[in-house]
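What follows is one structure encoded as C-alpha cells, with my remarks underneath.
The values are calculated or read from the model by the stated rules, or taken from the named source; none is laboratory data. Remember, predicted model here, so these are calculated numbers, not experimental data. Cβ: placed from backbone, ideal geometry, glycine included. Neighbour counts: every protein chain shown.
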Amino acid sequence: MEQKLDFSILKTLTELPGISGRESAVRSYLKDLLSPYADDVRTDVMGNLIFFKKGTSDKNLLLCAHMDEVGLMIHHIDERGFLRFVTVGGIDPRTLLAQRVRVHTKKGSFLGVIGTKPAHITTEADRAKAVGVKDLCIDMGLSGEEVKKRVEIGDFAVLDRTYEEFGNGLICAKALDNRAGVFVLAEVLKALKNPFYNVYAVFTVQEEVGLRGAATAAFGIEADVALCIDTTGAADIPGCAPQDYICALGQGVGITALDARTITPERLFNALKALCDEYTIRRQIRIAPRGGNDAGAVHQSKTGIPTCGLSIPTRNIHSNVEIVSKFDVGNTFRLAYLAAQNGIKEVTL
Ligand SMILES: [Zn+2]
C-alpha cells in the first residue's frame, strides 16, 4: 500500500483561490485530476463534487473534505479606488494587516495590498486599539475609475501566498485548511483498488460558513459510515498551555473524540484507534470544545450516520502562514485509505 504522496498536488491546491461559495477553481481542478480514478462523478446543486468508486461489499462509506478557504468579499469601492470587504469565514482581522491579496474578478486576478499606517505616524493609542475589518481596505494601486473597470461588488479576494516547504518536513502556505484534507482525500481516491466499501469521495463547499455543503451532500448519499478529513488547530506554540494544544504538529493524525459539533460514537472511535495501532499509524486524540467541521452536519443527516473527523494538526490556522507537517498528512492518508480499502470491522459487522 505504501505510496508516495505527490505533494506537488498540494502545492497547486493551496495556490488555487476558493472562498466559501466560490470554489469553482478547486472543483474543476479536482474533477480533471480525479475523474480517471472513479466509476462516476457528479456535482450537486450546492456545488459539492462527488466521486463514486464501487466496492466489494454492499456498505457505503462517505469520505469528505471541504474545498473552501476563508477569504474576503468586496462590498464597496470608494472614489479613490480603495476596496472595502467583509470576511467570509472566521478571520482574525489582525492577521490581515500589511498583507498582499489577490482580487479575483471576471477580468482576471489582480494584486492588492491591505495597508497599515506607518509606524512613524501611529500613536500609542493607535497601537493599543483592536483592529476591526472596518478599519481595513485593499489598495489596488489604481484610480477609482480604473478599479471600477476591473472589480465588481461581490468579487472575492484571497491572501496571496506561495507554498513553501521548510524545517523538519513542514509546509507553510495559505488555505492548508482544508486543501491538506482535500489532498489526502484525492490521494486516497487515487490509491483505492477494489475497496471494501462503495466509496463516495465528496469535496464539499461552504464548510467555513457553517458546514452547509456537507449537509446536502450527506442527505443525498445512503452512507453507513462517514469520515470527514479536515485540518484542526495545533496550539502547540509559546503562550499556550499543553492542555490547550488541541493537537500538536508531528504527532500524527488527530482522531476526534469530541468537538463543538460532534461526539464520535464509541464503537467507531475505538475501531479507528485499533486500525491505527494494527498498522502502526501515528495518532493523537483530538478534543476541541470550540471547533467543528463537516462531521457536525454529516452525523445528523437522515436518521444519523456514524461519523468521525480525521484531523490534520495546523499551526496558525485561518491565517496566510498556516503550517502542517508532511508526517501528519501521511498518517492521515494511511488511516483514511486503510479504512476505505479494508473496512472498519466493528462498525460494519
Ligand atoms: Zn477546515
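Miscellaneous remarks
- Failed criterion for Gln243 (all others in (1) away from the ligand (no atom under 16 Å from the Cβ); (2) touching a residue at least 24 places away in the same chain (Cβ under 8 Å) hold): (2)
- Filter result for Ile317 (at pLDDT 95 or above, under 13 Å from the mean Cα position of the chain (by Cα) and under 30 Å from Arg161 (Cβ atoms)): no
- In the stretch 291-304, residue nearest to Cys172 (Cα to Cα) [restricted to those that are surrounded by fewer than 21 Cβ atoms within 10 Å (Cβ to Cβ) and in contact (Cβ under 8 Å) with a residue 60 or more places away in the chain]: Gly292
- The stretch 307-325: number of residues that are more than 12 Å from the ligand (Cβ to nearest atom), of a type in the set (Gly, Ala, Ser) and either within 11 Å of Val253 (Cα to Cα) or in contact with a Pro (Cβ under 9 Å, 6 or more places away or on another chain) (or both): 1
- Only strands (runs of 3 or more DSSP E) whose full extent lies in the stretch 49-154 are considered here, and the ones with at least 1 residues that are in contact with a Phe, Trp or Tyr (Cβ under 6 Å, 6 or more places away or on another chain) are 49-53, 60-66, 71-77, 99-105.
- Gly213, sole failed condition from (1) within 16 Å of the ligand (Cβ to nearest atom); (2) surrounded by 24 or more Cβ atoms within 10 Å (Cβ to Cβ); (3) under 24 Å from Gln251 (Cβ atoms): (3)
- Residue match in the stretch 149-159 (condition: within 30 Å of Gly304 (Cβ to Cβ) and within 16 Å of the ligand (Cβ to nearest atom)): no
Each row is one residue, and each column tells you yes or no for (1) closer than 20 Å to Ser24 by Cβ; (2) in a loop (DSSP other than H, G, I, E, B); (3) within 16 Å of the ligand (Cβ to nearest atom).
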site	(1), (2), (3)
Arg161	no, yes, no
Asp177	yes, no, yes
Phe196	no, yes, no
Ala201	yes, no, no
Ala217	yes, no, yes
Ala235	no, yes, yes
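- Boolean, Thr231 is crowded, with 22+ Cβ neighbours inside 10 Å, touching a Ser or Thr at 6+ places or on another chain (Cβ under 6 Å) and over 27 Å from Lys31 (Cβ atoms): no
- In the stretch 179-194, the qualifying residues are those that are crowded, with 22+ Cβ neighbours inside 10 Å and of a type in the set (Gly, Ala, Ser), and the one that is farthest from the ligand (Cβ to nearest atom) is Ala186.
- The set of residues in the stretch 260-290 being buried (at least 21 other Cβ atoms within 10 Å of the Cβ), within 16 Å of the ligand (Cβ to nearest atom) and either modelled with pLDDT under 95 or assigned to a loop (DSSP other than H, G, I, E, B) (or both) consists of Thr262, Ala288.
- Looking across the stretch 163-175, the residues that are assigned to a loop (DSSP other than H, G, I, E, B) and more than 16 Å from the ligand (Cβ to nearest atom) come down to Tyr163, Gly167, Asn168, Gly169.
- When residues in the stretch 27-42 are screened for being closer than 18 Å to Gln206 by Cα and touching a residue at least 60 places away in the same chain (Cβ under 8 Å), 2 of them pass.
- The single residue among Arg100, Arg80 that is touching a residue at least 24 places away in the same chain (Cβ under 8 Å), basic (Lys, Arg), away from the ligand (no atom under 16 Å from the Cβ) and more than 20 Å from Ile153 (Cβ to Cβ) turns out to be Arg100.
- Yes/no for Leu49 being more than 18 Å from Asn320 (Cα to Cα), touching a Cys at 6+ places or on another chain (Cβ under 8 Å), crowded, with 17+ Cβ neighbours inside 10 Å and modelled with pLDDT of 95 or more: no
- The set of residues from the stretch 1-23 being polar (S, T, N, Q) and either more than 20 Å from Gly220 (Cβ to Cβ) or surrounded by fewer than 17 Cβ atoms within 10 Å (Cβ to Cβ) (or both) comprises Gln3, Ser8, Thr12, Thr14.
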